Structures are given as C-alpha cells and as structure tokens.
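Read through the structure below, which is laid out as structure tokens, and then see the notes.
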Amino acid sequence: MLDFVDVSELSLCSLPSLLGMPRELELEGREAGEAQRWLEQLAFDHPGFEVKAGAITLGEIHARAEAVAGTVTKGRRGR
C-alpha cells in the first residue's frame, strides 16, 4: 500500500475518519480498532468531553481526559 495523503493538496479520507474518529488523529502505532474502542469508552465515561478538530494524538486526548477527570474528582471531594 502506498500513502500519498501527506503530499496531497486534497482533503482525503483517513483511516481514523472511516471509523468515526477525528480525521487528523495520530494513532501513534496503535491498532485503529483499539483506538476506536478506547475513544468510545472515553465518550461513555465522560459525556461532555469533546475532541476539537485538527491534528491530535491519542496521548494528547488521554492527557486531556485525565485532566478533566481529575477536575471532576477534585470538585466532588470539595463538596
């Protein structure tokens, strides 16, 4: 398989976008199906969490989700 996406001026379909993930998501060597399941679980666990469009890695998404979860957890303890 040849990859011409990086040199194209066109907005081509990417593997992540075929699976309902952000088009420019960097899978960081992970299986696409594994990443899809992880993102679905993230959406279930944190319904208000959104991933903005643009280039992002799974690691960045995970760090943002942990930050949100930490904020929610800290807020609940303080009540």
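The values are calculated or read from the model by the stated rules, or taken from the named source; none is laboratory data. Remember, predicted model here, so these are calculated numbers, not experimental data. So basically every Cβ, Gly included, is an ideal-geometry build from the backbone, and we count neighbours across all protein chains shown.
Things to note:
- Selection within the stretch 18-45 - among the acidic types (D, E) and not in a loop (DSSP other than H, G, I, E, B): E26, E34, E40, D45
- Of all residues in the stretch 46-61, those satisfying the criterion of being in a helix (DSSP H, G or I) and touching a residue at least 12 places away in the same chain (Cβ under 8 Å) are L58, G59, I61.
- Extreme residue, modelled with the lowest pLDDT, among residues of the stretch 2-23 that are small (G, A, S) and on the phi < 0 side of the Ramachandran plot: S8
- Scope the stretch 45-56; condition under 10 Å from the mean Cα position of the chain (by Cα) and closer than 14 Å to S17 by Cα; matching residues: V51, K52, A53, A55, I56
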